[in-house]
Amino acid sequence: MYAFFTLIAGAFQSAMASLNGMLTNHLGMFGMSLMVHAIGGIVLILFMKLFVHEKLKITGLPWYLYSAGFFGIFLVASSSYCIKILGVSYMTCISVTGQLVISAVIDHFGWFGVPRISFNRKRIPCFLLILAGLIIINLS
């Protein structure tokens, strides 16, 4: 079930990047990012009030956890800006490659409280296949 939700989230991410690219033409990169995050925030507040009934606590967290918001803004703004030049497929391929590389580093060192999973040689062919796919998409 989690894999299915992740698959759907990935599909939504590509659709969102395409729509955000269109919004950027009308609102500019930062205006689009503000609109997307404001609408998302309003929808989440309504969802929490209507269905979750959970109070939102945003104080007392370690300072570095607030950087997740910066990463979200950077992701939305940069992917929306680059999609016009690179296209959805190529931008998504590059994005996924970056995600895989940093996720392997995070797993290897156990950063951010995740279980430590050491990088091993068995993963190298997988990364090479992904790199080959990226090169093929770039050349096509």
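General remarks:
- Scanning the stretch 39-56 for residues that are within 23 Å of the chain's Cα centre (by Cα) and either within 15 Å of S80 (Cβ to Cβ) or of a type in the set (D, E, K, R) (or both) returns I39, G40.
- Leading residue by the ranking (most open to solvent (accessible area, probe 1.4 Å)) among those in the stretch 96-134 that are assigned to a helix (DSSP H, G or I), aliphatic (A, V, I, L, M) and over 22 Å from Q13 (Cα atoms): L129
- Condition check for Y66: within 28 Å of M16 (Cα to Cα), out of contact with any helix residue (DSSP H, G or I) (no Cβ under 9 Å at 6 or more places or on another chain), of a type outside the set (A, V, I, L, M, F, W, C) and open to solvent by 60 Å² or more (accessible area, probe 1.4 Å): yes
- Candidates M16, M32, M22 - the one that is surrounded by 10 or more Cβ atoms within 10 Å (Cβ to Cβ), touching a Leu at 6+ places or on another chain (Cβ under 6 Å) and part of a helix (DSSP H, G or I): M32
- Within the stretch 97-122, the set of residues being aliphatic (A, V, I, L, M) and over 14 Å from the mean Cα position of the chain (by Cα) comprises A104, V105, I106, V114, I117.
The values are calculated or read from the model by the stated rules, or taken from the named source; none is laboratory data. Since we're looking at a predicted model, the values are computed, not measured. Because the Cβ atoms are built from the backbone with ideal geometry, glycine has one as well, and the counts that use them run over all protein chains shown. Heavy atoms of the whole protein, side chains included, go into the accessibility calculation; ligands, DNA and RNA do not. Shrake-Rupley method; radii C 1.70, N 1.55, O 1.52, S 1.80 Å.
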